[in-house]
1. Set the Förster radius R0 to 25 Å, insert the Cβ-Cβ distance between D152 and A105 as r into 1/(1 + (r/R0)^6), and round the FRET efficiency to 0.05.
2. Please report the projected area of segment 95-152's Cα convex hull averaged over all directions, in nm².
3. Using each residue's phi in segment 139-153, evaluate 6.51 cos²θ - 1.76 cosθ + 1.60 at θ = phi - 60° and report the 3J(HN,Hα) Karplus result to the nearest Hz, with x for Gly and Pro.
4. Enumerate the residues in segment 111-135 having an amide nitrogen under 15 Å from the point lying 7 Å beyond the Cα of T82 toward its Cβ.
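What follows is calculated from the coordinates using simple rules that are stated; it is not laboratory data. Just so we're clear, the structure is a prediction, and the values are computed from it rather than from any experiment. Every residue, glycine as well, gets a Cβ built from its backbone with ideal geometry; the counts of neighbours run over all protein chains shown.
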Amino acid sequence: MKKFQMLLMLIALALFTACSSSSSDDDGGGNPNPNPNPTTPDFTVRVVVKTSAHPYFQVGQSEGYTIDGEEGKELTLTRGTTYTFGVNTPSHPFYISTSTVGNGAGEVTDGVTNSMTTNGTLSFTPNGNHPDLLYYQCGVHDNVGWKINIVDP
C-alpha cells in the first residue's frame, strides 16, 4: 500500500510541476521576457556626466544624454517615419523640443507619445507641421540634449 501511495504522490507531483511550468506565452527557448514580441527601440537614451565630446560641455547641466552611447549625438529623422527612443534617464525627463535649452520649454506633442519619460519608450513621428530643426532635451535641466534634423522622404 505504501508503494502505491508513493507512486500516486510522484504522479501528482509530476502533473503539478508540468502544469505550473507551462504557459501559453512560453516561447520554448527559455526566454525570461514575458513579451513574446519585444520591440527594439531605434535609439537608446541614457545620461552620463558630460565630457568634451558633448556639444553643450560646460554649458547648463553637468549631465548630458547619450544616444546609442554617443554624447550629444545629432540625429536626422525623416518625416512620416515613426522612431522609438528606449529611455532610461532617472531624474531627466526626455522630450522633443523646439528649444535649444530645454528645461521643459518648447515641448512638441504633435506626433509624440510618452513625452517626458524617464524610463520607457518615447515614440516620435515627424510630419509636415514640424520645423526642419528640433531638439531632444531634458524637462527639468538646461542643455542636456542636442539637435534633431527633420528631412523630407
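1. The computed FRET efficiency comes out at 0.40.
2. On the way: hull surface 14.1 nm².
That works out to 3.5 nm², a quarter of the Cα hull's surface.
3. x, 10, 9, 8, 6, 9, x, 7, 8, 10, 8, 10, 10, 7, x
4. 111-115, 121-127
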